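As structure tokens, the structure follows; a few thoughts come after it.
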Amino acid sequence: MRDFACPACGHQLAFENSLCLRCNTRIGFDSESVTLVAIVDDAVESSDGAVPADAFRLCDNMHLARCNWIVPAASGGGLCPSCALTRTRPADDDPAMDAFADAEAAKRRLLVELVELGLPVVGREEDPDTGLAFDLLSSRDHPVTTGHASGVITLDLAEGDDAHREQLRVQMAEPYRTLLGHFRHEIGHYYQTVLVAADDDRAEFTASFGDPDEDYGAALDRYYADGPAPGWQESHVSAYATMHPAEDWAETFAHYLHLRDTLDTAAEFGLAPARTSLDRRRVEPGEFDRLIEAWVPLTWSLNMLNRSMGRPDLYPFVLAPAVLEKMRFVHARISAAPGVDTHLASGAR
């Protein structure tokens, strides 16, 4: 993630800021330029009553989702490109709305990384059958299962509660569990259908991960009855990745996104080589090796820093050679993604 600055005074700001704390300029995030821009007062109009073409206003979800993304002021309002992808959310008076805002914040970070990687983001309006959409649901009145189906990513907003999430993390013996991690895993399922479509891709997928057509229900039952096989760490990035080839891909894809975003941020602040930044994306064969060469010492140092603060490791995983080869396949498929214009379409009215 970039190191942002106020467009008015140059003060250092974060991705989530909607106000400069030095000069009080109202700002918003422009997903097309991946920059923060100044917000022109909605009441400012030209002499003929028109709003300037380069004026912006914040997304209609500014308060409900604490969204700082922009839409053109001339549109009269609407949802930003990120919020427009949410198909279902809790009612305004649902106690889960705080968790909804947290989930939307994680989703915005996810989408920026996808666009930076050059991955296509096709919404439900463009592709009604398999386009990307998010159902962010409250389990207050009925059970909600986090997952992916035909482009729709469902998230149980109870995952936004720290105590609930930590209880499940311990119960399921997971070393890492976050909202952003959930989104990165589920979006991996979506991109399996997008990036592994050709016969050659499927053959290579099967050689690396296993048969994607293996009975999912039977694999799920087996995993929860018997757990992962001994020595799974030598071939899988997590215990859950052993459950089914599709879950192995999704877990590996999520870790690739962890790696790229963390390296990108570290490079922006001088903690990793500049060549690992997403705005220096390379597709030649040696790129993946350079990423891993930077990733290993970075995560070691970050883990040691966390331990110095009495915290658990930031990245509590060991990437065995077999796991790295799977991740290399993910890297290759992302690098070969169609070179399309991946800017996000807004839901402005």
Of the residues that make up segment 319-327, is at least one touching a residue at least 60 places away in the same chain (Cβ under 8 Å), closer than 30 Å to residue 215 by Cα and touching a Gly at 6+ places or on another chain (Cβ under 7 Å)?
no
Filter segment 53-75 down to residues that are surrounded by fewer than 22 Cβ atoms within 10 Å (Cβ to Cβ) and in contact with a strand residue (DSSP E or B) (Cβ under 8 Å, 6 or more places away or on another chain) and give me whichever is modelled with the highest pLDDT.
60
Would you point out the residue of segment 90-115, among those that are among the acidic types (Asp, Glu) and part of a loop (DSSP other than H, G, I, E, B), that is surrounded by the fewest Cβ atoms within 10 Å (Cβ to Cβ)?
93
Note on segment 51-89: residues over 22 Å from the mean Cα position of the chain (by Cα) and not in a loop (DSSP other than H, G, I, E, B) are 56, 57, 72, 73, 74, 75, 78
Which of the residues spanning segment 70-116 are farther than 12 Å from residue 31 by Cα and among the hydroxyl-bearing types (Ser, Thr, Tyr)?
75, 86, 88
Would it be correct to say that residue 110 is closer than 24 Å to residue 260 by Cα, in contact with a Phe, Trp or Tyr (Cβ under 7 Å, 6 or more places away or on another chain) and modelled with pLDDT of 95 or more?
yes
So, in segment 118-138, of the ones that are small (Gly, Ala, Ser) and in contact (Cβ under 8 Å) with a residue 40 or more places away in the chain, which residue ends up nearest to residue 98 (Cα to Cα)?
138
For the structure I just gave you, tell me whether residue 287 is modelled with pLDDT under 95, charged (D, E, K, R) and out of contact with any strand residue (DSSP E or B) (no Cβ under 9 Å at 6 or more places or on another chain).
yes
Scan 341, 264 and give me the residue that is part of a loop (DSSP other than H, G, I, E, B), among the acidic types (Asp, Glu) and either modelled with pLDDT under 90 or farther than 18 Å from residue 187 by Cα (or both).
341
Checking 199, 215 in turn, the sole residue that is modelled with pLDDT under 95, exposed (fewer than 15 other Cβ atoms within 10 Å of the Cβ) and among the acidic types (Asp, Glu) turns out to be 199
Selected residue (only one of 313, 279, 289 is among the acidic types (Asp, Glu) and in a loop (DSSP other than H, G, I, E, B)):
313
Within segment 116-138, can one find any residue that is in a helix (DSSP H, G or I), crowded, with 22+ Cβ neighbours inside 10 Å and at pLDDT 90 or above?
no
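The values are calculated or read from the model by the stated rules, or taken from the named source; none is laboratory data. It should be emphasised that the depicted structure is a prediction, and the values quoted were computed from it without experimental measurement. Don't worry about glycine lacking a Cβ; one is built from the backbone with ideal geometry, like all the others, and counts go over all protein chains shown.
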